[in-house]
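Below is one structure, written out as structure tokens; comments come after it.
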Amino acid sequence: MKLKFYSTLLSGWLLISFSGCTNDDHTSSGGDDGSTGTSGTRQYFNLAVGIDVESSAGATYVAAYQGLSSPEHQISFNGWGYEVPSVRTARVYGSKDGKTLYNLSYGGGTISKFSVFGGQSYAEDKVLDISLAMGTKNPRWTMVNEDYALLHTVNTQHIFNDAAGTEYSYTNTKGILTAIQLNSFSIITNYNPTGSFTFDFPRTEEDDQLKLHVWRIDAPVVHNGKAYYGLNKRSYDPNTDTNISTSNYSASTLIVDFPSLQNPRIISSTVGKGSTQGYRTPVAHVDEKGAIYQITAAPSHIIKIEGDSYDNTYDFNLSAALGINVGSNGWFYVGNGIGYMPFYDADLGNGSDVAAWGVARIDLYNKTAVRMNLPTNLWLQQYQYSVMGNDGLFYMALAPLGGEGRIYMFDPKSTSADAFTVGASIQTINSTSAYLGIF
């Protein structure tokens, strides 16, 4: 399935010849949501689908379309698509115009830069080995803007008071941060010859009291010369040599100077609890007023950061707003205080066996949430990204695991649960495949 046709015309001719129809599944059709040829507008929507997504062990395929708004357009990755190189399910990002794609090969220790030509025509322009700088082939990463991406990982070490290792004291966490300049596609070494900044995580009083340690960081956002990383903490039981998950701690954020990634410090919330690291989906966004809004995992709240501290007067309780116990991996900001949040019923869990996921329109300023009237059999645990079209609508690719779905185009200006139109139909590859998003 790893097919590389560097002529869109050629790939279209081959597919029409094979299918024997003019309304085939794979044409890069246009529409009022697609390319206008104007600089700065979206010219391609890159759809991504993963196989064996529950285990994160399968391949990832992408294809580029100029338009997705036509409900007659049928999209299938069966025998179609460009395979993005990755040992596990790919971590993909795209430029705002959709003409460039980036991917971290999680487990492979490289990131790649691709040019997008439409359909399944992609060219891998550059590959950058980041394993030496990061000390692992399994870091996480985030494209924070059109110019930079940040790579990050942590290492933990249990500290004992005695040489025999019987008197457990605490677990030390060492962070490793690296910045990538996307235009030159190189590791920034201005501040450190290795290109990475390594440090011991500052410990809070709460960490010492509850024997907590940071075990994962992710989903940074950059604002005003600082990078803000979400954190996930847990404790360790030396008697059983096991880690213990918990959400009963103050939601926290790592702040470092940007782009040097130095001067680490931790801030903590008094209103939010649990992980702020998310999972694949963006977690924190900067609004037009310069405030950072960040989501916690479960029960999900949106909390607020201004400058170098939390604004503890702000608490958006999403469970209260939606009337169920809400869990979420992250959300998308579309502007003017409005966002869209994939969420699940935390009483049922986030597994594919219950498929208890939905999408809500959230209003940061009025602290209201509306569950959109979508199919109820969704599983969005692996959903990574979605984008705005040139028409001012927000596009999501939503389909049941291994089933058929649609492109949904949401109108951010409306508060109605039915404020969307449906575009192209989308088909998954098999029973273990799911759409990862639009890039």
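Summary value for segment 130-280: 18 percent relative contact order, contacts being C-alpha pairs under 8 angstrom separated by 6+ residues.
Once you have a ≥ b ≥ c as the square roots of the Cα gyration tensor eigenvalues for segment 31-158, tell me rounded if a/c is under 1.5, and otherwise prolate or oblate according to whether a/b is larger than b/c.
Prolate, since a/c reaches 1.5 and a/b exceeds b/c.
Over segment 38-100, with a single point scatterer placed on each C-alpha, what log10 of the ratio I(q)/I(0) does the Debye formula yield at q = 0.13 1/Å? Evaluating at q = 0.13 Å⁻¹ gives log10 I(q)/I(0) of -0.41. Within segment 255-271, list the residues whose amide N lies under 18 Å from a label point set 7 Å along Cα→Cβ of residue 147. Under 18 Å, as judged by backbone N against the label point of residue 147, lie 256-262 of segment 255-271. Close amide H partners of residue 436, meaning residues 5 or more places away or on another chain with modelled amide H under 5 Å apart, are 48, 49, 50.
The label point for residue 325 and the one for residue 200, both projected 7 Å from the Cα toward the Cβ, are 3.9 nm apart.
Overall form of segment 347-439: oblate. Here a/c, set by the Cα gyration tensor axes a ≥ b ≥ c, is 1.5 or more, and a/b is not larger than b/c. At full extension, residue 265 and residue 430 could sit 54.9 nm farther apart than now, given 0.36 nm per residue minus the alpha carbon distance. Stretching residue 162 away from residue 243 to a fully extended chain increases their span by 27.1 nm, per 0.36 nm per residue minus the current alpha-carbon distance.
If only the Cβ of Lys and Arg carry +1 and only the Cβ of Asp and Glu carry -1, the dipole of segment 241-354 around its Cα centre is close to 80 debye.
Over all orientations, segment 86-171 has a Cα convex hull whose mean projected area works out to 7.8 square nanometres.
Of the trypsin sites (Lys or Arg not before Pro) in segment 208-297, the ones in a loop by DSSP (not H, G, I, E or B) with at most 14 other beta carbons within 10 Å are 289.
Rounded to the nearest 20 debye, the dipole size of the chain about its Cα centre is 480 debye, using +1 on the Cβ of Lys and Arg and -1 on the Cβ of Asp and Glu. Rounded to the nearest 10 degrees, the inclination of helix 8-19 to the longest alpha-carbon principal axis of the chain is 70 degrees. The gain in end-to-end length when the residue 377 to residue 288 segment is fully stretched comes to 28.6 nm, 0.36 nm per residue minus the alpha carbon separation. Can you compute the FRET efficiency between residue 306 and residue 96 using 1/(1 + (r/R0)^6), with r the Cβ-Cβ distance and R0 = 35 Å? Round to the nearest 0.05. After rounding, the FRET efficiency stands at 0.85.
Around the Cα centre of segment 130-280, unit charges on the Cβ atoms of Lys, Arg, Asp and Glu (plus for the first two, minus for the last two) sum to a dipole of about 360 debye.
222 nm [θ] for the chain, helices only, -39500 (n - 2.57) per DSSP H run of 4+, per residue, to 500?
Calculated from helices alone, the mean residue ellipticity at 222 nm is -1500 deg cm²/dmol.
Students often get this wrong: which residues of segment 402-429 have the backbone nitrogen under 20 Å from the point 7 angstrom along Cα-to-C-beta of residue 365? Backbone N within reach: 411-417.
Modelled spin labels at residue 224 and residue 211, positioned 7 Å past Cα toward Cβ, are 3.9 nm from each other. Hydrodynamic radius of segment 130-280 by the Kirkwood approach over all distinct alpha-carbon pairs: 16.2 Å.
Which of the residue pairs 96/289; 99/289; 273/367; 99/126; 99/304; 137/233 have a Cα-Cα distance greater than 26 Å in the structure shown? From 96/289; 99/289; 273/367; 99/126; 99/304; 137/233, over 26 Å: 99/289; 99/304. Taking all C-alpha pairs of the chain, those more than 31 Å from each other amount to 40 percent.
Between residue 257 and residue 174, the C-beta separation translates, for a Förster distance of 22 Å, into a calculated FRET efficiency of about 0.75.
Could you tell me which of rounded, prolate or oblate describes segment 278-388, using a ≥ b ≥ c as the square roots of the eigenvalues of the alpha-carbon gyration tensor, with rounded for a/c under 1.5 and, failing that, prolate when a/b is larger than b/c and oblate otherwise? Prolate is the answer for segment 278-388, as a/c is 1.5 or above and a/b outweighs b/c. Between the amide H of residue 337 and those of 288, distances stay under 5 Å, these residues lying 5 or more places away or on another chain, with hydrogens modeled in the peptide plane.
We did not get these values from a lab; they are worked out from the coordinates using the rules stated. In this text, all values refer to a predicted model and were calculated from it rather than measured experimentally. Reconstructed Cβ throughout: ideal geometry from the backbone, glycine too, with neighbour counts over all protein chains shown.
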